[in-house]
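The values are calculated or read from the model by the stated rules, or taken from the named source; none is laboratory data. This structure is a prediction, so every number in the text was calculated from the model and none was measured. So basically every Cβ, Gly included, is an ideal-geometry build from the backbone, and we count neighbours across all protein chains shown. Calculation scope for accessible area: heavy atoms of the full protein, side chains included, ligands and nucleic acids excluded. Shrake-Rupley method; radii C 1.70, N 1.55, O 1.52, S 1.80 Å.
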Amino acid sequence: MALAYNFLFFCLSLVFFISHSEAKTSFKPKALVVPVTKDSSTLQYLTQIQQRTPLVPVKLTLDLGGRFLWVNCEQGFVSSSYKPARCGSAQCKIAGSESCVESCLPKGPGCNNNTCTHFPGNTVSHVSTFGELATDVVSIQSTDGSKPVQVVPVPNIIFACGATFS
């Protein structure tokens, strides 16, 4: 039941951000399609979407037991639209994050001063990692209900920008 609730929360968040974004066209998607696979070694659900500015394909872990996607930001994460969630911000409140990093080195995506944190974890292996909450743009395939239509930009998606699970 919790898995279905969290997936529904994620889908509704996407619809909310699409409906409240300033679209360049009047196109309103009927639904979004995100391909999901299950990694046999970690038992985690994975998807690939377009993220960042400029857009690049990114593999994400979909935590069905959690509230966020998380991205490995340790290697080569570059985006001009990346915004870390500052302590006390609306994003931190939405995320329910109560911890902040006051000082972090080296600075960059996943490690910024005065940002709220999230600890995404693998509920199967019971391993977790450290991540900074952030927002960025993603582009997701839309559908008319029977076939793919066009890729839709979705700004300000909240996610955890973290390190590889160890």
Quickly rank 76-82, 145-151 as a protection proxy: mean count of other C-beta atoms within 10 Å, highest first. 76-82, 145-151
Those trypsin sites (Lys or Arg not before Pro) from region 84-166 that are DSSP loop and have at most 15 other Cβ neighbours within 10 Å turn out to be Lys107
Counting Lys +1, Arg +1, Asp -1, Glu -1, what net charge surrounds Cys111 among other residues with beta carbon under 10 Å of its beta carbon? -1
Over 18 Å between C-alpha atoms is what I'm after, so list which of Lys59/Lys107; Lys38/Lys59; Lys38/Lys83; Lys28/Lys83 land there. Lys59/Lys107; Lys38/Lys83; Lys28/Lys83
Using protein chains only and a probe of 1.4 angstrom, how many square angstrom of Cys161 are accessible, to the nearest 10? 0
What list of ³J(HN,Hα) couplings, whole Hz, do you get for region 77-90 from phi and the Karplus terms 6.51, -1.76, 1.60, once you set θ to phi - 60° and write x for glycine and proline? 7, 10, 7, 7, 9, 5, 9, x, 7, 6, 3, x, 6, 4
Under 8 Å for C-alpha pairs, at least 6 residues apart: give me the relative contact order for region 56-158, rounded to a whole percent. 22
